[in-house]
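Asker: Sharing a structure below in structure tokens format, with a few things to ask.
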Amino acid sequence: MAEYKDAENTLVMETTKGEVVIVLRSDLAPGHVTRIKELAREGFYDGIVFHRVIDGFMAQVGCPHGTGTGGSSKPDLKAEFSGEPHVRGICSMARSQMPDSANSQFFICLDDAGFLDRQYTVWGKVATGMDNVDKIKKGEPVSDPDSIISMKVAADL
């Protein structure tokens, strides 16, 4: 088993392209981090596809329908916007036009996306495996999409 600096605040996401380790930022978004860990522990993300992947921008996942139209059965979250910049490797919540509409969908920035700053909730950053994120099939929608095989809190491994 790998050693993690803070296993309770580290996610290990196994994708069809390989492992991605994400460090959670509860200092920025405690409510969102709690939700992501809760869903991961319930196995919600296991098998869910990356339904929207835009080259040079981001890879989005977390819709149980694989279309970008759904979320978990849990209530939507109140926005926790911060000054943390949307740079390569940042994990942030997807939402509708309404700021307090994030639920289970999130995206990983493939490149810098400063135009999202202070408008979307940053909750983590890829520590290792960004090369695997880069390999995820692109598209809107993605044809034969890649998926999360499993997503676990490192403390549970």
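Asker: Suppose each label sits 7 Å from its Cα in the direction of the beta carbon; what would the LYS137-ASP76 distance come out to in nanometres?
Answerer: Here the modelled spin labels are 3.1 nm apart.
Asker: When the helix-only estimate is applied to the chain (DSSP H runs of n ≥ 4, each -39,500 (n - 2.57), divided by the residue count), what is the mean residue ellipticity at 222 nm, nearest 500 deg cm²/dmol?
Answerer: That comes out to -3000 deg cm²/dmol.
Asker: Rounded to the nearest 0.05, what FRET efficiency do GLN119 and LEU157 have when you use their Cβ-Cβ distance and R0 = 25 Å?
Answerer: 0.15
Asker: Ratio of segment 9-156's C-alpha Rg to 2.2 N^0.38 Å, to two decimals?
Answerer: Here the Cα radius of gyration is 0.92 times the empirical estimate.
Asker: Something else: By how many nm would the segment from GLU42 to THR67 lengthen if fully extended, with 0.36 nm per residue of separation less the alpha-carbon distance?
Answerer: The span from GLU42 to THR67 would gain 6.9 nm if fully extended.
Asker: Sticking with this structure for a sec: Rounded to the nearest Å, what's the spacing between the alpha carbon centres of segment 109-139 and segment 8-26? Just the number, please.
Answerer: Measuring centre to centre over Cα atoms gives 12 Å.
Asker: Pairs of lysine in segment 9-156 with Cα under 19 Å and at least 8 positions apart or on different chains: total?
Answerer: Lysine pairs satisfying the spacing and distance rule in segment 9-156 number 12.
Asker: Report, by chain and number, residues whose modeled amide H sits under 5 Å from the one on ASP112, excluding near sequence neighbours (fewer than 5 apart, same chain).
Answerer: ARG88
Since every read-out is calculated from the coordinates, none of them should be taken as a lab result. For clarity, every value in this text was computed on a predicted model and none was experimentally measured. No Cβ is skipped: glycine too gets one built from the backbone with ideal geometry, and neighbour counts run over all protein chains shown.
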